[in-house]
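Below is one structure, written out as structure tokens, with a few remarks after it.
The values are calculated or read from the model by the stated rules, or taken from the named source; none is laboratory data. In this text, all values refer to a predicted model and were calculated from it rather than measured experimentally. Here Cβ is always computed from backbone atoms with ideal geometry, including for glycine, and neighbour counts include all displayed protein chains.
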Amino acid sequence: MVRRTGASAPGAQSATYRVLTVPEWIYFIHPPRENFAATMTDEEQAVWGVHFQRLKRLLDEGTMIAVGPTLGTVNTGIAIFEAPDEDAARTIMEEDPVIAGGFARGELRPFRLSLLRGRD
């Protein structure tokens, strides 16, 4: 994500900007079976609850950008977030309780948020 900071005086023709680049990542959360959301066991529901609270905390801290599941019979989850490098990104994914606990398989990829409502 590119963040521009700086200001120019009223009437000035150009502004001075400092550009900060923070790499974005996406991880996919692949559950163990189809119709997972509709067929979760009590144990799976408990772990997914902890997973959700962790993602909410990371959102509140400014790490997560967007999170959610696909709907229908294949409930793949996605988490789009910022991390300085692949090691840090992989740690965020691997510490997700559903992945760490073996309840889902994680798949990490670099990502570029090209358009964002309210930003672009």
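Can you find a residue that is more than 21 Å from the chain's Cα centre (by Cα) and at pLDDT below 95 anywhere in the stretch 20-29?
Initially, the stretch 20-29 is screened for residues more than 21 Å from the chain's Cα centre (by Cα), giving none.
No, because not a single residue in the stretch 20-29 is more than 21 Å from the chain's Cα centre (by Cα) and at pLDDT below 95.
Candidates are the residues of the stretch 57-72 that are at pLDDT 95 or above and among the β-branched types (Val, Ile, Thr); the one that is surrounded by the fewest Cβ atoms within 10 Å (Cβ to Cβ) is Thr63. Looking only at residues in the stretch 27-46 that are aromatic (Phe, Trp, Tyr) and in a strand (DSSP E or B), the one that is surrounded by the most Cβ atoms within 10 Å (Cβ to Cβ) is Tyr27.
Among the candidates Arg112, Arg90, Arg54, single out the residue that is modelled with pLDDT of 95 or more, out of contact with any Phe, Trp or Tyr (no Cβ under 6 Å at 6 or more places or on another chain), over 12 Å from Tyr27 (Cα atoms) and not small (Gly, Ala, Ser). Reasoning before the result, please.
Working: Arg112 fails: modelled with pLDDT of 95 or more; Arg90 fails: over 12 Å from Tyr27 (Cα atoms).
Going through Arg112, Arg90, Arg54 in turn, the sole match is Arg54.
If a residue must be in a loop (DSSP other than H, G, I, E, B) and more than 20 Å from Glu43 (Cα to Cα), how many such residues does the stretch 75-103 contain? Matching residues across the stretch 75-103 total 3.
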